[in-house]
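A short reminder: the numbers here are calculations on the coordinates, not readings from a lab. Remember, it's a predicted structure, so these values are computed and weren't measured experimentally. Cβ coordinates were reconstructed from backbone atoms using ideal geometry, including for glycine residues, and neighbour counts include every protein chain displayed.
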């Protein structure tokens with residue numbers, strides 16, 4: 001087969017490679033470039049709009065840039081797709097506390113604690129969620145915007 005026939009048939013053609021936007025976003029986030037990470041996560045969502053992992057990562061990056069309402073929307077979207085997603089319940093709960101929506105925050109902490117992560121490295125986050133939920137359920141221990149007792 002001649003080179004011309006290979007080109008026309010597509011054999012031997014160089015195929016463009018898709019960028020791994022999710023990993024690019026994670027790398028940018030590690031470097032502290034949250035806006036760049038958000039852009040990469042948005043591109044990843046364009047390729048796979050129902051990827052709950054990407055939705056959680058974008059929510060975290062949005063939270064870190066102070067874009068709480070957008071982060072809340074991303075967490076809720078992730079929970080629509082996967083209602084048992086404990087990380088989304090956890091992140092959403094603390095954003096709702098900052099918003100002052102304590103009843104809904106408590107509900108999301110309960111859902112997080114119903115199936116907490118079993119990873120030993122997550123123990124401090126599970127303990128913090130239990131402590132925060134206890135404070136939310138107690139009428140005499142008000143919380144600050146970051147979820148800690150006053």
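Before moving on, here are some points about what is shown:
- Spin-label model, residue 115/residue 48: points 7 Å from Cα along the beta carbon direction are separated by 1.9 nm.
- Ranked packing of 105-116, 127-138, most packed first, by mean Cβ within 10 Å: 105-116, 127-138
- Rg(Cα)/(2.2 N^0.38 Å) for segment 3-137, N = residue count: 1.36
- Taking every alpha-carbon pair under 8 Å whose residues sit at least 6 apart, segment 3-137 reaches a relative contact order of 14 percent.
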